[in-house]
Amino acid sequence: MVVMLGFALETNHAKAADMMVVTPGPTESWNVYPFTQAGEFRYQQVYAASLFGDIGPVRINAIRFSSDISGTYAAGINLRLNQTQVAVGALDTNLDANINGSLTTVLQNPNFSLSVIGGDLTYRLIFDVSAASFIYNPSSGENLLMDMIVTDGGNSGMAFARGGDTGKTSRAFNGSADRLGLRTIIEFTTVPEPSQVLMGFAAIVLLIAVKK
């Protein structure tokens with residue numbers, strides 16, 4: 001579901017998006033992986049291109065999750081994104097096999113820390129990735145792959161909202177894969193197609209020529 005944001009979101013990250021997608025619900029359970037694990041934990045979740053509707057390229061600004069309790073979440077975070085041909089529900093347990101081309105690191109912080117408000121649909125664990133300017137084009141039909149490595153996140157005691165089999169997202173981790181996934185908000189802004197930019201430039205040139 002694509003939602004237009006006509007107001008500033010009450011969040012702790014610096015840059016609000018003008019649109020967002022929300023993975024379908026309801027919340028079926030609360031999971032401790034990948035965020036509340038000792039040591040290093042790698043996790044992938046794929047999001048269907050159809051979540052974004054009939055739009056062209058978008059710039060991903062933030063990815064958000066809901067915790068069950070309030071408190072400070074702290075861990076090492078290495079978050080990468082990829083545009084993949086792998087279908088929802090078809091992620092391989094060999095995580096590297098799910099990557100088309102190379103991953104783009106959008107957030108790498110060995111000392112990530114954020115005060116989080118808990119509760120279903122709060123989505124207050126927020127990863128601001130706007131500085132990376134990652135462009136994803138859902139109109140290509142390829143899906144969005146999130147690949148995350150979390151280090152030493154086991155001290156928060158938090159669990160995170162997980163949805164059921166909706167056909168819109170699925171996950172793979174720790175030698176297993178299923179058709180479930182963490183409930184997620186993905187914030188983004190639309191990016192003009194190159195052809196639209198050229199048409200706009202041509203219109204300006206034509207306007208100048210007419211005025212002469």
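Along the Cα-to-C-beta direction of I135, a point sits 7 Å from the Cα; which residues of region 29-69 have their amide N less than 11 Å from that point? Counting backbone N atoms under 11 Å from the label point, the list is 57-59. Full extension of the chain between S176 and D152 gives 6.6 nm of extra length, using 0.36 nm per residue less the Cα-Cα distance. Summing Lys and Arg as +1 and Asp and Glu as -1 over all other residues whose Cβ lies under 14 Å from the Cβ of G167 gives a net charge of +1.
None of the figures in this text is laboratory data; all of them are computed from the coordinates on show. No experiment lies behind these values; they were computed from the predicted model shown. Cβ sites come from the backbone with ideal geometry, for glycine too, and all protein chains shown count toward neighbours.
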